[in-house]
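The next block holds one structure in the form of structure tokens; read it before the comments.
The values are calculated or read from the model by the stated rules, or taken from the named source; none is laboratory data. Every value quoted in this text rests on a predicted model; they were computed, and no experiment measured them. Cβ coordinates were reconstructed from backbone atoms using ideal geometry, including for glycine residues, and neighbour counts include every protein chain displayed.
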């Protein structure tokens, strides 16, 4: 039964109200404003019928004081009055009264008005509760959607999984300790969840690189702040959301990025997230180190006060750390934050599917069954630190020729065979496919003698497999080897093994070679390749019978002969173009192939129809120039270089040229 408090200094009026309403409501009858306040301070009611003209404290003052109570401050109030003064009625309504009931009372009028007011108030409160409930649900769903976006960003790197959620929680704890309002705390959680969203614009080969970043790659990584700010700048529903993404790597001393902001010029949200982000990074395990001890983290926070971090903010954060307020069960937190509903289940399924697919795509090479590049390099880096040994860079020789002459089925068979042979001898080794025809084989704890024995077994086993299938008739293995120490950086070891591999390639393929200083002192790669090519062309005995080629190749040769016949005299010069990739650039296979495609396009744009070009290796082209004088070569090569840099907008690749004359007679 609804409860009504009736306040009137005349007992007759109280009795009349009681006789009118007692059958439908629970009534509390008091004779003064103070007694009404005393009751309301301890009890809840659904309606107050309040007389205006009372001694000591009139109805208006009583109403003002009711609105200041911690409880019942929103209770509906109806004034009881015999006064017909319109000004009093206006004043009462302006104060928030819901109605007036005039004296002398008419029972039917009073009952109907009270019923209407109570029912309307109940309806409004139910509506408010539903709005609040839906608001909470929408906010929670928004939180989950933003969390999903953060999870999608982190899905490709298990070492940052959950980072954004943890940073959001640490940021909220710090904001609360700083005295921020509830709305501001909720807001910074959203901002922190999205602080790394700019990483969607960073190439995977840089973002997920397991080794040390070069200066160029670090500049690429730093761009995630401006990318994130650009992505979020038009979102107005979350205040300062773009500032968190753009400025969370600014430093208090002005040495951060991207803008070099100093001190208080850094937005508050970014100053908070900066501390939370650094704390979680130190607490988390990384590919290159384990998580740091709490004592070490505290020392780093203290050391960074006033340089990396805002001193007043980090002082509060250190106090929270000392109190244990940052120790959170994130598994339990995730469950408590979840809005239990169909949409939440769908979001969870999406995130799980994304993570599973990313893990599948990056952990195993689908063709050979070996570890994929990323996980393989990760495991090798970890092993190099704990179990120094020998890294073998394995190359399947003549894969292009196999594909061209016997088809890609044969090429795939050859690659699978390499995988099977390496796996056969993979005890205490890490085996991964880099991509294309390249593999890594890391022998943990092996010395030079043990590595030599293992590699000789691998080459012999592959040779035996060649007798079993014509698909392997032109295949062999070339292997570059480099011994490692715990101090070695993976990128450097890989480059040394690649140099050793090239030494084998230029020596006739099929074999192995350990990296040594002599490799560094050998002739330049392009010069050696060009000398080999000229020597091979000179000893070619030609061919007998018709030349068997595909129709498209026949059409090209016919067109070439047609143009050649139009000339009475000609010189033929052989030019080799080598793309020399900057050692500091650490360009991956996809980027190298892109550069080669750009050079292929450059050649088509820069040369005459009577000239002939072909791709010679993974980073070289050969061009036959007809009727070109030596003095013309500089102009031609200059044109090629200028055109290439217009198409390939990067100075990470240098273009090298070598030339030889090759006499060809009619």
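Scanning the range 35-61 for residues that are in a helix (DSSP H, G or I), touching a helix residue (DSSP H, G or I) at 6+ places or on another chain (Cβ under 8 Å) and farther than 16 Å from residue 99 by Cα returns 36, 37, 40, 61. If the condition is being closer than 16 Å to residue 110 by Cα, touching a helix residue (DSSP H, G or I) at 6+ places or on another chain (Cβ under 6 Å) and not in a strand (DSSP E or B), then the range 11-34 contributes only 20. Return yes or no: is residue 370 more than 18 Å from residue 475 (Cα to Cα) and either at pLDDT 95 or above or in contact with a strand residue (DSSP E or B) (Cβ under 9 Å, 6 or more places away or on another chain) (or both)? Considered against the rule, which asks whether it is more than 18 Å from residue 475 (Cα to Cα) and either at pLDDT 95 or above or in contact with a strand residue (DSSP E or B) (Cβ under 9 Å, 6 or more places away or on another chain) (or both), residue 370 comes out as yes. Going through (1) at pLDDT below 90; (2) touching a helix residue (DSSP H, G or I) at 6+ places or on another chain (Cβ under 9 Å) one by one, residue 259 falls short only on (1).
For (1) surrounded by fewer than 21 Cβ atoms within 10 Å (Cβ to Cβ); (2) out of contact with any strand residue (DSSP E or B) (no Cβ under 9 Å at 6 or more places or on another chain); (3) under 27 Å from residue 495 (Cβ atoms), each residue gets a yes or a no:
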residue	(1), (2), (3)
195	no, yes, no
213	yes, yes, yes
221	yes, yes, yes
251	yes, no, no
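Is it the case, given these coordinates, that residue 191 is surrounded by 15 or more Cβ atoms within 10 Å (Cβ to Cβ) and over 15 Å from residue 163 (Cβ atoms)? For residue 191, the condition - surrounded by 15 or more Cβ atoms within 10 Å (Cβ to Cβ) and over 15 Å from residue 163 (Cβ atoms) - is not met. Listed by position, the strands (runs of 3 or more DSSP E) contained in the range 599-664 that have at least 3 residues being in contact with a strand residue (DSSP E or B) (Cβ under 9 Å, 6 or more places away or on another chain), on the phi < 0 side of the Ramachandran plot and free of Cβ contacts under 8 Å to residues at least 40 places away in the same chain are 612-617. Going through (1) surrounded by 19 or more Cβ atoms within 10 Å (Cβ to Cβ); (2) closer than 17 Å to residue 386 by Cα one by one, residue 496 falls short only on (2). May I ask you to list the residues in the range 102-133 that are in a helix (DSSP H, G or I) and either surrounded by 14 or more Cβ atoms within 10 Å (Cβ to Cβ) or at pLDDT below 60 (or both)? If the condition is that a residue be in a helix (DSSP H, G or I) and either surrounded by 14 or more Cβ atoms within 10 Å (Cβ to Cβ) or at pLDDT below 60 (or both), then 110, 111, 113, 114, 115, 117, 118, 121 are the ones that fit. Taking residues in the range 301-329 that are on the phi > 0 side of the Ramachandran plot, and partners anywhere that are surrounded by fewer than 18 Cβ atoms within 10 Å (Cβ to Cβ), the pairs with Cβ atoms closer than 9 Å and at least 6 places apart or on different chains are 306/253. In the range 359-384, the residues that are farther than 18 Å from residue 415 by Cβ and assigned by TED's automatic domain parsing to the domain that holds residue 484 form Cβ pairs under 6 Å with partners that are assigned to a helix (DSSP H, G or I) and modelled with pLDDT of 85 or more, at six or more places apart or across chains, as follows: 381/490. Applying the criterion of being in a helix (DSSP H, G or I) and without any contact (Cβ under 8 Å) to a residue 12 or more places away in the chain to the residues of the range 464-484, the residue that is nearest to the chain's Cα centre (by Cα) is 466.
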